[in-house]
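Contents: one structure, followed by commentary.
Values in this text are rule-based calculations from the coordinates and carry no lab data. Just so you know, these numbers come straight off a predicted model, no measurement behind them. Here the Cβ positions follow ideal geometry from the backbone for every residue, glycine too, while neighbour counts run over all protein chains shown.
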Amino acid sequence: MPIYEYACNACRHEFETLVRSSTVPDCPRCHSTDLEKKLSVFATAGSTVEAAPLAAGPCGSCGHPGGPGACALN
Ligand SMILES: [Zn+2]
């Protein structure tokens with residue numbers, strides 16, 4: 001589920017909120033809906049390391065203790 005970071009244009013309060021497609025977020029401080037979306041991050045806890053497609057090859061030279069591909073996760 002996406003988490004969006006907003007800045008309220010009315011009171012400049014910044015906050016993060018989960019956004020569901022059917023709801024319009026509002027400022028938790030002043031309840032304005034005049035919001036500026038700043039960025040989004042995805043709640044990817046539990047995402048699989050195996051999904052990294054380009055990591056396996058070249059980083060064998062980096063010496064990362066996590067093994068081949070680990071350095072690409074930084
Ligand atoms: Zn506000």
Practice problem: Read phi for every residue in segment 15-23 and hand back ³J(HN,Hα) as whole Hz from Karplus 6.51 cos²θ - 1.76 cosθ + 1.60, θ = phi - 60°, with x for Gly and Pro. | Solution: 7, 10, 8, 6, 10, 9, 4, 9, 10
Quiz item: So for the pair Arg20, Thr33, with labels modelled 7 Å out along Cα→Cβ, what separation do we get in nm?
Solution: 1.6
